[in-house]
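Please read the structure below before turning to the comments.
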């Protein structure tokens with residue numbers, strides 16, 4: 001089996017060697033040997049790095065991502081956690097869609113003043129209520 005040295009992994013993945021060393025320290029990836037001072041990785045590390053990048057994009061922490069690999073380095077994806085993250089992303093999409101629609105309305109509103117626009121006032125009321133619920137949920141009691 002041909003191993004990839006850290007420079008080859010960095011070039012193929014676009015991830016800096018310092019990040020690769022950090023991922024190895026955190027237990028997300030593992031080198032198999034050294035050639036001189038250069039770490040050597042199995043080719044599967046490229047798949048692991050893609051999964052790590054996808055997990056980070058989805059908002060998983062590195063600890064959570066670390067739990068998504070079996071001891072042999074192969075993916076062992078927790079379906080419940082992935083469903084929960086997908087639901088969280090769906091909620092965020094709905095919130096961002098509503099925010100986008102509000103901004104478009106504000107930009108295109110034909111009323112002489114936004115305060116004279118009933119749609120704008122309704123959107124502000126809804127946004128204020130949503131923001132208040134979020135703050136209450138985050139405030140420790």
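Values for this structure:
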read-out: Helix 45-58 vs. the chain, principal-axis angle (Cα, 0 to 90°, nearest 10); value: 20
read-out: Prolate/oblate/rounded label for the range 4-66 (Cα gyration tensor, a/c 1.5); value: prolate
read-out: Within a Gaussian network of the chain (alpha carbon springs, distance under 10 Å), most fluctuating of 85, 129, 50; value: 129
read-out: Distance between modelled label sites at residue 88 and residue 116, nm, 7 Å Cα→Cβ extension; value: 4.5
read-out: Theoretical ellipticity at 222 nm over the chain - DSSP helices of four or more residues, -39500 (n - 2.57) apiece, nearest 500; value: -20000 deg cm²/dmol
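Here, each number is a calculation from the coordinates, and none is a lab measurement. Predicted model only: the values in this text are computed from it and were never measured. We place every Cβ from the backbone using ideal geometry, glycine too, and count neighbours over all the protein chains shown.
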